[in-house]
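K.L.:
My questions will all concern the structure given below.
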Amino acid sequence: MERTTLGIIAFPVLFILLAFRVPIGLAMLVVGGTGTAMIAGWLPILSQVKTSAWHLFSNYSLSVIPLFLLMGNFASRSGMSEALFKFASACLGHRQGGVAMAAVGACAGFGAICGSSLATAATMGKVALPELRRLGYSGSLSTGSLAAGGTLGILIPPSVILIIYAILTEQNIVKMFLAALVPGIIAAFGYILAIAVFVRLVPASGRATPRRPWRERLRLFRGIWHVVAIFTFMIGGIYLGWFTPTEGAAVGAAGTGLVAAFQKNFSLSALLDVIQSTAVTSAMIFLVLLGAEFFNSFIALTRLPNELANFVAGGEFSPLAIVACILVLYVFLGCLMDSLAMILLTIPVFFPVIIALDFGMSQEEVAIWFGILTLIVVEVGLITPPVGLNVFIINKMAGDVPVYETFKGVLPFLASDLIRVALLFMFPWITLFLLDVFY
Amino acid sequence: MRTDADIAVSEENARPSDLFGRVLHQVALALAIFGGLVLLVIVGINSLSIAGRFLFSSPLVGDFELVELGCAVAVSSFLPLCHLRSGNVIVDFVTARLPSSFKDALDALSALIFGMIAGFFTWRMCYGAQDMYRYREETMLLQVPLWIPFLPVVFSFLVLSICCFYTFFIDVTRVARRV
């Protein structure tokens, strides 16, 4: 069979395995390994398997992932989420829908020390949801803003997905983090704006609470100074090149770990819990990475990406139209698939196509700009039906809110997401200007 | 779709009733905690190295290498627990409405495949370790012989493969009892 045909067949086979509940990493490993064997015979596989897991697991760039996960899990037990939410509601609570805005703001703050959307949604939901309901905020607004706010965990650096994109496309992780900062901040403000519009339309959904004096705000700020300090030192140190992202993650984990250790209710069993959730999530990610390694080396062997890149470059398509098509495809795929698996599965095929097109930017700029767009679009899948994970987590936590109410509450945030993607798509300098400042 | 490994962890999985299962869970848990401690040591090494660089302008020699080796040991030791807690990402969307015995049968099948793959890795990695020992592969700066940290990785894959065959057996008996 011709190699390219084999590559094209591999995708439906993979999807069938996935539909039959085979774990994504395992399915990619099996399809990739078998495919490679069909092209090159079994011998290369036999010797590849001897050390492939070792080489992948001991890759220095990837060691940042378990460390960031450890940091996020410590942060979840450090009382930082409460402190962030209290401070934010003291600052914003006097506005219409202000406490929901505060929840989004606190999510952004927590996202700065946590690289995962689900963890951000779950941690902030635990703190903010009871308070929002107590103050009479409607079910759709309170669950919607927390489900959407959770995606800030990934959009604001550090972000696990961004690290993996950078490694796949051989980009500088530090530059990716730098480029993600402004879009992340825009995302937080966009969500706050979405709440402002929502309460203008449905005034009963979120009432204002009394304005707090500045003295109280200042007092509450003292509760979050360590979040600010850890984030500034960690991300600042990474941006300025004082230390590598891995070292930064270790510093962050040490910082959040110390804060957690000084909590009253922190015990040995809490530490064991932190270790176990870090363990399960890290293993999950590395299994997918291992599978992707086999699958992607097979796909490269089929020359499918080159053929596709040649085909697209040969046709008279507008480069922007191609990016737009890919982004739309991502929105649809994201409704059904996990974001990590989606990136690992599609970037090796699409990236050569994108990088071969002429956007009037350097290749590195295109790679970074496309990466940030991909990150945002992929995260949209977390709050869209039928499998929007953030929506289900928050909805389950609320208990008394029907799922369609939560999906309704998410709509204004989806609109804000789409506007932001369009903005970043049309004006790449929004993503790229910080790079010019630093480099 | 299920990726909520973070959340799934807190919910204790159904405790296995058989002795073998209980022991296996304890082994997987102990292995993961060992890996977690290694991760904490990595955090310590990095912090020390940074502090050393800033305060005394003398970094730890070979801290990169220790991080790499530690990470490989830690991550692989997490794999068995992740499988036993069903922490791996699966697409639940297509089969969500099917009867649970059908899902159990599919899970049994993928556990069987996983067990065979993990076993295959274990078998090949034994040769990998042998190669490392024979050719005296070691790290650049600290000259740590690679086979030493490689052995716990092989052991983790062995435990992973046993865990997969165990859940295969459990799923099959569950299906058989219902049919």
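K.L.:
Considering A:193, A:271, A:287, which residue is within 30 Å of residue A:337 (Cβ to Cβ), facing chain B (nearest Cβ under 9 Å), at pLDDT 90 or above and assigned to a helix (DSSP H, G or I)?
P.N.:
A:287
K.L.:
Residue by residue through the stretch A:39-56, note down the ones that are surrounded by 16 or more Cβ atoms within 10 Å (Cβ to Cβ) and out of contact with any Lys or Arg (no Cβ under 6 Å at 6 or more places or on another chain). Spell out how you get there, then give the answer.
P.N.:
Pass one, the stretch A:39-56, residues surrounded by 16 or more Cβ atoms within 10 Å (Cβ to Cβ): A:45, A:48-54, A:56.
Scanning the stretch A:39-56 gives A:45, A:48, A:51, A:52, A:53, A:54, A:56.
K.L.:
Taking only pairs six or more apart or across chains, which ones have beta-carbon atoms under 7 Å, a first residue in the stretch A:175-190 that is under 24 Å from residue A:103 (Cα atoms), and a second residue that is basic (Lys, Arg)?
P.N.:
The qualifying pairs are A:186/A:420; A:187/A:420; A:190/A:420.
K.L.:
Can you say whether residue A:85 is farther than 17 Å from residue A:255 by Cβ, away from chain B (no Cβ under 14 Å) and hydrophobic (A, V, I, L, M, F, W, C), as far as the supplied structure shows?
P.N.:
Yes.
K.L.:
Residue A:94 versus (1) within 12 Å of chain B (Cβ to nearest Cβ); (2) in a loop (DSSP other than H, G, I, E, B); (3) surrounded by fewer than 22 Cβ atoms within 10 Å (Cβ to Cβ): which is the lone unmet condition?
P.N.:
Only one criterion in (1) within 12 Å of chain B (Cβ to nearest Cβ); (2) in a loop (DSSP other than H, G, I, E, B); (3) surrounded by fewer than 22 Cβ atoms within 10 Å (Cβ to Cβ) is unmet by residue A:94, namely (1).
K.L.:
Testing residue A:138 on (1) more than 21 Å from the chain's Cα centre (by Cα); (2) crowded, with 24+ Cβ neighbours inside 10 Å; (3) polar (S, T, N, Q), one condition comes back false. Which one is that?
P.N.:
All conditions are met except number (2).
K.L.:
Would you list the helices (runs of 4 or more DSSP H) that sit entirely within the stretch A:326-409 and hold 2 or more residues that are more than 14 Å from chain B (Cβ to nearest Cβ) and crowded, with 21+ Cβ neighbours inside 10 Å?
P.N.:
A:339-355, A:363-380
Matching residues to (1) without any contact (Cβ under 8 Å) to a residue 24 or more places away in the chain; (2) facing another protein chain (nearest Cβ under 7 Å); (3) surrounded by fewer than 22 Cβ atoms within 10 Å (Cβ to Cβ):
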site	(1), (2), (3)
B:44	yes, no, yes
B:47	yes, yes, yes
B:59	yes, no, yes
B:65	no, no, yes
B:77	no, no, no
B:80	no, no, no
B:85	no, yes, no
B:94	yes, yes, yes
B:101	no, no, yes
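K.L.:
Still on this model: Can you list residue pairs whose Cβ atoms sit under 9 Å apart, with the first residue in the stretch B:106-131 being within 7 Å of chain A (Cβ to nearest Cβ) and part of a helix (DSSP H, G or I) and the second being surrounded by fewer than 19 Cβ atoms within 10 Å (Cβ to Cβ) and among the hydroxyl-bearing types (Ser, Thr, Tyr)? Count only pairs 6 or more apart in sequence or on different chains.
P.N.:
That search, which allows pairs on different chains as well, returns B:106/B:95; B:107/B:86; B:124/A:47; B:127/A:47; B:128/A:47.
K.L.:
Out of the stretch A:281-311, which residues are hydrophobic (A, V, I, L, M, F, W, C) and farther than 19 Å from residue A:4 by Cα?
P.N.:
Selection gives A:283, A:284, A:285, A:286, A:287, A:288, A:289, A:290.
K.L.:
Only one of B:10, B:17 is surrounded by fewer than 22 Cβ atoms within 10 Å (Cβ to Cβ), more than 10 Å from every other protein chain (Cβ to nearest Cβ) and at pLDDT below 95; which?
P.N.:
B:17
K.L.:
Just wondering, is there one or more residues in the stretch A:205-213 that are at negative phi, buried (at least 17 other Cβ atoms within 10 Å of the Cβ) and among the hydrophobic types (A, V, I, L, M, F, W, C)?
P.N.:
no
The values are calculated or read from the model by the stated rules, or taken from the named source; none is laboratory data. Because the structure is predicted, anything quoted here is derived from the model rather than measured. For neighbour counting, all protein chains shown are included, and Cβ atoms are generated from backbone atoms with ideal geometry for every residue, glycine included.
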